[in-house]
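The values are calculated or read from the model by the stated rules, or taken from the named source; none is laboratory data. Note that the structure is a prediction, hence the values are computed from the model and not measured. No Cβ is skipped: glycine too gets one built from the backbone with ideal geometry, and neighbour counts run over all protein chains shown.
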Amino acid sequence: MPIAIEHDALYQAIDRLPENTLIELARFIEFLQFKSQRDAQVDEDTATKGEPPFNPVYFPEGVLQGYEFSPEFIADARKELWTGFGAELE
């Protein structure tokens, strides 16, 4: 549920901030503007191209040659990784 915030309330809140925080506020506003533009661009690219908003990674042939990544291998690796985790906390 969107929160309705009046512009006047924001202006008043900014006016009450200490002077030394205004630089941080300005940087945050720049970040929000950048994020908004980026999100709009991603949405536009996704809508026009019909592609996901990410670039999949393709490994050159032979880079992972000889490595097994079966579900069983991954499950065993996870078990080995988590074995004994937190034991030293007890």
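In table form, for the structure just shown:
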quantity: Subset of region 1-56 that is of a type in the set (Gly, Ala, Ser) and in a helix (DSSP H, G or I) - its residue that is modelled with the lowest pLDDT; calculated: Ala47
quantity: Every pair of residues 6+ apart whose Cβ atoms lie under 6 Å, when the first sits in region 73-88 and is assigned to a helix (DSSP H, G or I) while the second is of a type in the set (Ser, Thr, Tyr); calculated: none
